[in-house]
Amino acid sequence: MSKKVYKLSEIAELLDLSLDGDGEKRIASINNLKNAKSSELSFYYSKKFKKDLKNTKAGAIILSKEDDFDFSGSKLYTDQVHLVYAKCSQLFESEISVPYLKDELSKIHESAKVNSNSYIGPYSVIEKGVQIEEGVFINSGVHIGAGTIVKKNSKIHSNVSLYPDSVIGENCIIHSGTVIGSDGLGFAKNGKKWEKIVHSGKVIIGDNVEIGAGCTIDKASSGATEICNGVKLDNQIHLAHNCHIGENTIIGANTSIAGSVRIGNNCMIGGLCGIVDNIQITDEVTIYPMTFVTNNVKNKGAYSGGPILMQHKDWLKKSVTLRKK
């Protein structure tokens with residue numbers, strides 16, 4: 001891993017920010033106000049951190065001109081502090097050094113097409129007919145099933161499992177322990193037993209998608225489970241078979257989404273939410289954390305709510321009463 005160091009003037013130019021202070025100041029990393037050192041850059045976006053701003057030892061601060069108080073050091077001004085912080089964090093992202101195409105302990109099927117500018121880590125298995133495009137980084141212990149396509153510049157971290165025929169778009173990041181393409185909960189009642197429904201579909205993931213650690217994304221029973229361009233998933237999310245997640249939607253940790261749910265573009269789904277099967281949620285909807293979604297959401301806006309533990313028959317009566325209010 002190599003570390004980058006920037007002059008403050010360089011950061012201002014790269015991110016199109018106005019600078020007040022020492023442009024020659026060298027910045028080696030970013031940190032929060034409380035813990036930042038003189039070689040680090042921090043940011044201020046909320047008055048609840050006013051005390052930290054006053055006492056910080058940061059070499060420079062990203063903040064708005066309206067909040068320019070209690071700090072006499074170098075400053076970078078912006079009206080979108082959190083967005084600029086995100087872009088600044090990308091400047092300091094560690095570069096991964098890749099010395100060779102594939103580790104000798106990896107196993108790549110002879111029919112797989114692996115671009116010469118990609119990397120396969122130790123103990124990873126690449127099955128028959130897989131296509132790995134340019135700039136892909138696959139860490140250790142990854143299993144990629146037959147016929148899967150991983151497009152340009154995507155990163156797959158350790159111990160990820162991609163079932164056969166999955167499609168991963170360009171510039172995606174998939175974090176450790178995630179499983180993509182497993183069977184959904186598809187069974188038909190046969191007396192007192194369950195008859196398995198064979199899932200013959202797949203998972204298609206668009207470009208610029210990031211999937212957190214420990215997520216499970218089921219393949220479709222037929223057709224495809226789809227995650228569109230720009231979607232961001234937190235850790236330990238479950239998406240069941242045939243779900244469709246629209247562009248630039250973000251979903252918080254531990255949310256479970258049942259089969260055939262369609263979520264629109266630019267939605268924000270909080271953590272610990274539950275969404276029952278066959279629900280449709282339109283574009284630009286915010287669902288607050290721990291909300292239980294049982295009905296279609298047809299109009300954009302913010303929604304919240306969830307059941308209090310009680311017998312199911314009592315909850316049904318209660319929910320009818322709430323809807324009448």
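Readers should treat all values here as calculations from the given coordinates under stated rules, not as data from a laboratory. In this text, all values refer to a predicted model and were calculated from it rather than measured experimentally. Positions of Cβ are backbone-derived with ideal geometry, glycine not excepted, and every protein chain shown enters the neighbour counts.
Results, tabulated for the structure shown:
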read-out: Longest DSSP-loop-exposure-free segment, chymotrypsin sites (Phe, Trp or Tyr not before Pro), the chain, at most 14 other Cβ within 10 Å; value: 101-325
read-out: Using θ = phi - 60° and Karplus 6.51 cos²θ - 1.76 cosθ + 1.60, couplings along the range 227-241 (whole Hz; Gly, Pro as x); value: 10, 7, 3, x, 6, 10, 10, 6, 6, 6, 9, 10, 10, 7, 4
read-out: Where only C-alpha atoms are counted, convex hull volume of the chain per residue in Å³; value: 177
read-out: Dipole of the range 6-91, positive direction: furthest Cα of VAL81, LEU17, SER39, with charges on the beta-carbon; value: SER39
read-out: Loop sites in the range 25-122: GluC sites (Glu not before Pro), DSSP, at most 10 other Cβ within 10 Å; value: GLU93, GLU104, GLU110
read-out: Local net charge near LEU41, Cβ-Cβ under 15 Å (Lys/Arg +1, Asp/Glu -1); value: +2
read-out: Given charges at beta-carbon only (K, R positive; D, E negative), |dipole| of the chain in Debye; value: 1500
read-out: Hydrodynamic radius of the range 26-116 per Kirkwood, over alpha carbon pairs, in Å; value: 15.6
read-out: Separation of the ALA146 and SER9 label points, Cα + 7 Å toward Cβ, nm; value: 6.1
read-out: Listed residue pairs exceeding 22 Å between alpha carbons, taken from LYS151/LYS196; LYS4/LYS75; LYS3/LYS113; LYS102/LYS202; value: LYS151/LYS196; LYS3/LYS113; LYS102/LYS202
read-out: Fully extended contour minus Cα-Cα distance, from ASN35 to SER64, at 0.36 nm per residue; value: 8.4 nm
read-out: Other-chain or far-sequence residues with amide H under 5 Å of ASN117's (modelled H); value: GLY135
read-out: FRET E, pair SER116, SER94, Förster distance 30 Å, beta-carbon r, rounded to 0.05; value: 0.80
read-out: Max mean-square fluctuation residue, GNM over the chain, Cα-Cα springs under 10 Å, options LYS202, LYS65, LYS128; value: LYS65
read-out: Theoretical gain in end-to-end length, LYS313 to GLU134 [0.36 nm per residue, Cα-Cα removed]; value: 58.8 nm
read-out: Under 5 Å, built H, 5+ apart or other chain: amide partners of ILE281; value: ARG262, ILE263, GLY264, VAL297
read-out: Beta bridge orientation in the chain: antiparallel %, DSSP, nearest 5; value: 15
read-out: The range 16-28 - phi-based ³J(HN,Hα) in whole Hz, Karplus 6.51/-1.76/1.60, Gly and Pro as x; value: 6, 10, 8, 10, 10, x, 7, x, 7, 4, 8, 10, 9
read-out: Whole-Hz couplings from phi, Karplus 6.51/-1.76/1.60, listed for the range 116-131; x for Gly and Pro; value: 5, 9, 10, 10, 10, x, x, 6, 8, 10, 10, 7, 4, x, 5, 10
read-out: Selected from LEU162, LEU272, LEU91 as most flexible by GNM, with the chain as the system and alpha-carbon contacts under 10 Å; value: LEU91
read-out: Over the chain: helical MRE at 222 nm, DSSP H runs n ≥ 4 each giving -39500 (n - 2.57), nearest 500; value: -3000 deg cm²/dmol
read-out: Amide H within-cut-off set for GLY271, under 5 Å, with H built and near neighbours excluded; value: GLY252, ALA253, MET290
